[in-house]
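K.L.:
Input: one structure, supplied below.
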Amino acid sequence: MQKSVILLLLFFNLQFLFAQQFDILIKGGHVIDPKNNIDGIFDVAIAHGKIMRIARGIDPKNGSKVIDVRGKYVVPGLVDIHTHDFYGPDPERHFCNGTESLLPDSFAFRSGVTTVVDAGSSGWKDFPVFKKKIIDSSKTRVFAFLNIVGAGMRGRISEQDTNDMDGKKTAMIAQQYHDYIVGIKLAHYKGPEWKPVDEAILAGNLANIPLMIDFGENTSPLSLEELFLKHMRPGDIFTHCFAELKGREYIVDTGTKKIKTFVWEAKKKGILFDVGYGEISFSLSQAIPAIDSGFYPNSISTDMHAARKNKMKDMLEIMSEFLALGMNIREVIGMVTWNPAKEIRHKELGNISKGAIADITILHVRNNDIAYHDHAGHTLVGTKKFVCEMTIKGGKIVYNKRSTL
């Protein structure tokens, strides 16, 4: 008899333990997960920093913390693959340990971003400092594209020094810090030579990582067709893809308002196109005809940095602008989650698979008339606006619009 009572008590205790198996239970939200083709109302259960279950009707008794998100969107933590995070006190160093960069924790979580990628602020000479000072101390997950210029982004003059562009040394540091460096960055070069591109690709080949190119300016711009079809490799990324700046060639012909034929060929080849919105690196005169013709970017990113930061748009504002351009919510979510995760080869991110890292962003889409202006004075009017309600990174709530954490 006593043995039977003990077994019965053990049974009920086990039931109690299993009933408390989830640290967080997100109830009733519209889950969008492009990787797994999920687009509907589901519950998401989290335990030990991982996604444990995605299903309908999970008993709320099974969650230690239950979050009711009916009427909201539940999406993977956003991934911003073009930011500048190597903040430092010296304005003369610009983006590389200088004041033109921003600390990632100052902007990421409130925008639903759990992962940022620094776009070449540091070169091989300063990356160990960047890692120790910023990457290791940030709550935000930080990766990096390593600049082909050894001194990094210390100003436009230093970034013209082709003697400081060394593919072998860059690759050596990229391999040494392979857990953090996801690619090679080339930016801001204004000369007529192809050496910077060739050295960057050499580094990419040696380290077996992709290249992100912000193609520079010149009175006689280097050919995009030659860049795309003769130099860049499948999986390499062309950022600021909708820029229309003096001294650069554009992907949309300004006369015909059509995507150039070789750009379609580049996309078919496997070249990836990133927004890299920035301060002046996005033009509606390029984006509108491109989107209207069905030419969508692979990824949406901010190019977040401190210069004239009152003019900078965060990820949510840019996502909202792409809704105004005619894309739907699922398409936009894919371009800030699974697509960029694949571009940087971190497929453990950007999805809500069972067993995946529990990075979750809870979004509300408000009906809100809003006008978008680019640096050239073009205007676009939208009717919907993304708002971040909550950000969860690694199973921990790191931003909650409703309270102070």
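K.L.:
Quick one: which residues, 5+ away or cross-chain, put their amide H under 5 Å from the amide H of Ser122? H built at 1.01 Å from N.
P.N.:
Asn147, Met153
K.L.:
Taking only protein heavy atoms and a 1.4 Å probe, what accessible area per residue, in Å², does the stretch 97-215 have with all protein chains in place?
P.N.:
That works out to 36 Å² per residue.
K.L.:
Distance in nm between label sites at Ile370 and Thr383, each 7 Å beyond Cα in the beta-carbon direction?
P.N.:
So the label points at Ile370 and Thr383 sit 1.6 nm apart.
K.L.:
Let me ask another. Which lysines have a Cα less than 16 Å from the Cα of Lys35, not counting those fewer than 8 places away in the same chain?
P.N.:
Within reach: Lys342, Lys347, Lys354.
K.L.:
So, by mean Cβ neighbours within 10 angstrom, what's the order for 58-66, 138-146, 253-261, 171-179 with the highest one leading?
P.N.:
Ranked from most to least packed, the peptides come out as 138-146, 171-179, 58-66, 253-261.
K.L.:
From the backbone phi of the stretch 151-156, what are the Karplus-calculated ³J(HN,Hα) couplings (6.51 cos²θ - 1.76 cosθ + 1.60, θ = phi - 60°) in whole Hz, Gly and Pro given as x?
P.N.:
7, x, 8, 9, x, 4
K.L.:
Okay, next question. Report, to the nearest whole %, how much of the accessible area of the stretch 200-275 belongs to carbon and sulfur atoms, 1.4 Å probe, protein only.
P.N.:
52
K.L.:
Related question: Just to make sure I understand: if all protein chains stay in place, what is the order of Lys27, Lys246, Lys342 by accessible area at 1.4 Å, largest first?
P.N.:
Lys246, Lys342, Lys27
K.L.:
HN-Hα J couplings of the stretch 255-272 from phi, Karplus 6.51/-1.76/1.60, θ = phi - 60°, integer Hz, Gly and Pro as x?
P.N.:
x, 8, 6, 10, 4, 5, 4, 5, 5, 4, 4, 5, 5, 5, 5, x, 5, 9
K.L.:
Sorting Glu226, Glu343 by accessible area (1.4 Å probe), largest first, what list results?
P.N.:
Descending order: Glu226, Glu343.
K.L.:
Just from its helices, what would the mean residue ellipticity at 222 nm be for the chain, if runs of 4 or more DSSP H residues each count -39500 (n - 2.57) and the sum is divided by every residue, rounded to the nearest 500 deg cm²/dmol?
P.N.:
Dividing the helical sum by the residues of the chain leaves -6000 deg cm²/dmol.
K.L.:
Let me ask something additional. With every protein chain in place, what's the accessible area of Val197 (1.4 Å probe, Å², nearest 10)?
P.N.:
0
K.L.:
Mind checking the per residue accessible area of the stretch 258-405 for me, 1.4 Å probe, whole number of Å²?
P.N.:
Counting only protein heavy atoms, the per-residue value for the stretch 258-405 is 40 Å².
K.L.:
Which whole-angstrom value gives the distance between the alpha carbon centres of the stretch 81-123 and the stretch 241-313?
P.N.:
Value for the Cα centre distance between the two parts: 22 Å.
K.L.:
Which ³J(HN,Hα) values in Hz, rounded to whole numbers, follow from the phi angles of the stretch 382-389 under the Karplus curve 6.51 cos²θ - 1.76 cosθ + 1.60, where θ = phi - 60° and Gly and Pro get x?
P.N.:
Values, residue by residue: x, 10, 9, 9, 6, 10, 7, 8 Hz.
K.L.:
Here's something else I'd like to know. With a 1.4 Å probe and every protein chain kept in, tell me what percent of the accessible surface of the stretch 321-377 is carbon plus sulfur.
P.N.:
In the stretch 321-377, the share of accessible area belonging to carbon and sulfur is 46 percent.
K.L.:
Between Glu92 and Lys354, what is the label-to-label distance in nm when each label sits 7 Å out along the Cα-to-Cβ direction?
P.N.:
5.9
K.L.:
Here's a follow-up. Please give the length that would be gained between Leu103 and Arg330 if that part of the chain were fully extended, namely 0.36 nm times their separation in residues minus their C-alpha to C-alpha distance (nm, one decimal).
P.N.:
Full-extension gain reported as 78.8 nm.
K.L.:
Further question: Which of Ile352, Ala324, Trp338 sits closest to the plus end of the dipole of the stretch 282-366, meaning its Cα is farthest towards the positive end, when Lys and Arg get +1 and Asp and Glu get -1 on the C-beta?
P.N.:
Ile352
K.L.:
Rg and Dmax of the chain, using alpha carbons, in Å: what are they?
P.N.:
Using the Cα atoms of the chain, the pair Rg, Dmax is 22.8, 94 Å.
K.L.:
Note down the nm distance, to one decimal, between modelled labels 7 Å out along Cα→Cβ at Lys268 and at Ser64.
P.N.:
With each label point 7 Å from Cα toward Cβ, the separation is 5.5 nm.
K.L.:
Under a Cβ-Cβ cut-off of 13 Å, what is the net charge of the residues other than Lys35 that fall near it, where Lys and Arg count +1 and Asp and Glu count -1?
P.N.:
Charge balance in the 13 Å sphere: 0.
K.L.:
Probe radius 1.4 Å, ligands and nucleic acids ignored: give me the carbon and sulfur share of the accessible area of the stretch 88-146 as a rounded percent.
P.N.:
Its accessible area is 55 percent carbon and sulfur atoms.
K.L.:
Could you tell me what percent of the DSSP beta bridges with both partners in the chain are antiparallel, to the nearest 5?
P.N.:
Among the beta bridges of the chain, antiparallel pairing accounts for roughly 55 percent.
K.L.:
Right, something else. So who's got an amide H within less than 5 Å of the one on Met52, skipping anything under 5 residues away but keeping other chains? H placed 1.01 Å off N, in plane.
P.N.:
Excluding prolines and chain starts, which carry no amide H, the hits are Ala45, Ile46, Ala47, Gly355.
K.L.:
Let me ask something else. Pairs Lys185/Lys258; Lys185/Lys267; Lys132/Lys168; Lys168/Lys246; Lys133/Lys195; Lys27/Lys65: which are spaced more than 21 Å apart, C-alpha to C-alpha?
P.N.:
Lys185/Lys258; Lys132/Lys168; Lys168/Lys246; Lys133/Lys195
The values are calculated or read from the model by the stated rules, or taken from the named source; none is laboratory data. Only a predicted model underlies this, so the values are computations on that prediction, with no experimental measurement involved. Cβ atoms come from the backbone with ideal geometry, glycine included; neighbour counts cover every protein chain shown. Calculation scope for accessible area: heavy atoms of the full protein, side chains included, ligands and nucleic acids excluded. Shrake-Rupley method; radii C 1.70, N 1.55, O 1.52, S 1.80 Å.
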